[in-house]
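These notes are about the structure you will find just below.
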Amino acid sequence: MDNREVFRALEPVMQGGYWGRRVRAQLAFALRLSAARNGAHDGTIAAALAHLTQKVRDDGVLTDAAARAAEEMLAPLGPDAKSLTVYCVAHAHMDMNWMWGFQETVALTLDTLRTVLTLLEEYPDFTFSQSQASIYRIVEEYAPELLPAIRARVAEGRWEVTASTWVENDKNMPNGESMARHLLYTRRYLSRLLGLDPASLNLDFEPDTFGHCASLPEILTKGGVKYYYHNRGGEGPHLYRWLAPGGAEILVYRDLDWYNAQIEYDMFSDVPLFCKKYGVDVFLRVYGIGDHGGGPTRRDIERLRDMMTWPCLPTLRFGSYGEFYRALEPFSQRFAVLEGEQNFVFTGCYSAQSRIKMANRVAEDRLYAAEALSGLTMAALGGKTEPERFFRAWERVLFSQFHDILPGSGVRETREYALGEFSKTLVDTNAAAGRALRALEARLDTTAIPFDVCPQTVSEGGGAGFQTGEPGGFAL
């Protein structure tokens, strides 16, 4: 039997106990490392497997001592194994209003971040990354006492802010103006709130977004984004350069596995062949319980710290997305160049919940028009604009473009909250547009236009519902 067949025969006895699972994980990695090196380590691996096979025959079980001895036999692979680096990035995927209302979104956000801050205090080598400007808005509004601790961890480099958009938004239905506002408002808001250099917000982290439009690299690069991370959408390479129709290019990693994960002993065996395929010496492992928040667990951290000491695994580091992408850049010219959309999953979402989709489009159009009228009034008449009011109105729209809200994959509470937020946005846009039009109207000279005064008219008081349903009135 070859090494792989011997390994498979031994697997059942290596499933139980810490040392059995430990040596199994290292053997699985070693087999792939040797395959990536054209069989360079086959002899060493064969000796370790033969030792284990004999010990199991002799003892009837796999003992801890036998597993430790096999690990020592694999130790000569250590320098080659450690030449590959895995950045282990902890994060918490928090779905905005997916299967719950906004009140639960706030609760899961605050509970998750409190847990993470506790873990950062307990483990000085542990690092954490968190996306979505809306997460930080929730903290500012509902638990501002957490902000000093978050700012401190950001300043020391152990809390990576990976938000370049207000939420992890849908990338197909929002219009270009909305996509630009995501980038603009996120940078303005987080630079003020956390003291960040806006240029540091150069990753668009979209693990769960259902599709990605062809023009996205153009929009992102013009907004200062250099790197893109996604999981869903696209069936091609996992490392690639994505080229927009206009010529803009962005470096992309499509995760090999999944973004919600716990640290398991056998989760690094794919590293050697991945690195060989793409000609790199780095790998990314994202971990942390998600969807309803949660993030990294104490067990995850303890396991990683332990596995960092194993001789036949790659170099494991508590790291960041930024470190990973910067390590990739010297190799980027080797990666394939893709063009066009990276679509779709859950295609039915793009026709579900049509009221949310209509409300989003109306709100986008009204906001753009109201801001244009307000700007015209200021330019022509020196009037006041209301940037904070427009910012909050846009914030509501951007929040509702989350990938489980706008596509329609949420529950009833999701829809009702979104429609309520869109209604508030229309209140702001209608009021702002009305003020701007009245200011312009007041400057118009209409004295040369002849008209008759009719004292019986009701046009200046009767609105759309005037006399509705009354005999002789307006029947709807």
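The values are calculated or read from the model by the stated rules, or taken from the named source; none is laboratory data. What you see is a predicted model, and the numbers here were worked out from it, not measured in a lab. Here Cβ is always computed from backbone atoms with ideal geometry, including for glycine, and neighbour counts include all displayed protein chains. These accessible areas exclude ligands, DNA and RNA; they are computed on the full protein's heavy atoms, side chains included. Shrake-Rupley method; radii C 1.70, N 1.55, O 1.52, S 1.80 Å.
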Check your understanding: For Val411, which sequence-distant residues (separation of 5 or more, or a different chain) have an amide H within less than 5 Å of its own amide H, given hydrogens modelled in the peptide plane?
Key -> Trp100
Review point. Tally Lys/Arg at +1 and Asp/Glu at -1 over every other residue whose Cβ is under 10 Å from the Cβ of Phe268; what's the total?
Key: -1
Point to revise | Expected 222 nm ellipticity per residue - DSSP helices of 4 or more, -39500 (n - 2.57), all of the chain, to 500 | key: -15500 deg cm²/dmol
Check your understanding: At what distance in nm do the modelled label points of Glu339 and Trp258 sit from each other, each positioned 7 Å from its Cα along Cα→Cβ?
Key -> 3.6 nm
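Taking the Cα centre of the chain as origin, sum charge times position over the Cβ atoms of Lys and Arg (+1) and Asp and Glu (-1), and report the length of that vector in debye to the nearest 20.
With only Lys, Arg, Asp and Glu charged at Cβ, the dipole is about 600 debye.
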Practice item. Give me the angle, in degrees from 0 to 90, between the Cα long axis of helix 354-381 and the longest principal axis of the Cα atoms of the chain, rounded to the nearest 10. Key: 60 degrees
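What percent does the relative contact order of the chain come to when contacts are Cα pairs within less than 8 Å and at least six residues apart?
Computed over the chain, the figure is 20 percent.
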**Study point:** FRET efficiency, 1/(1 + (r/R0)^6) with R0 56 Å, evaluated for Asp291 and Val458 via beta carbons
**Key:** 0.50
Review point. Summing +1 for each Lys or Arg and -1 for each Asp or Glu, what net charge is found among the other residues whose Cβ lies under 11 Å from the Cβ of Arg153?
Key: -1
**Study point:** Angle between the chain longest axis and helix 42-59 axis [Cα atoms, degrees, rounded to 10]
**Key:** 70 degrees
Review point. Candidates (1) 156, 49, 38; (2) 79, 55, 52; (3) 111, 43, 43; which is the computed Cα extents along the principal axes in Å?
Key: (3)
Review point. How high is the FRET efficiency between Glu121 and Ala180 when r is their beta carbon distance and R₀ equals 35 Å, given to the nearest 0.05?
Key: 0.35
Check your understanding: When the distances between all Cα atoms of segment 1-120 are binned every 10 Å from zero, what whole-number percent does each bin get?
Key -> 12, 33, 18, 14, 17, 6, 0
Exercise for review: Report the paramagnetic label zone for Lys82: residues of segment 295-313 whose backbone N is under 19 Å from a point 7 Å from Cα along the Cα-to-Cβ axis.
Suggested key: 304-313
Check your understanding: So how tilted is helix 18-36 from the main axis of the chain? Cα-based, degrees 0 to 90, rounded to 10.
Key -> 80 degrees
Check your understanding: Ignoring ligands, DNA and RNA, what accessible area per residue does segment 1-132 give at 1.4 Å, in Å²?
Key -> 41 Å²
Point to revise | For Val89, residues with placed amide H under 5 Å, excluding near neighbours | key: Arg285, Val286, Tyr287, Gly319
Exercise for review: With label points built 7 Å along Cα→Cβ from the Cα atoms of Ser423 and Arg114, find their separation and express it in nm.
Suggested key: 3.2 nm
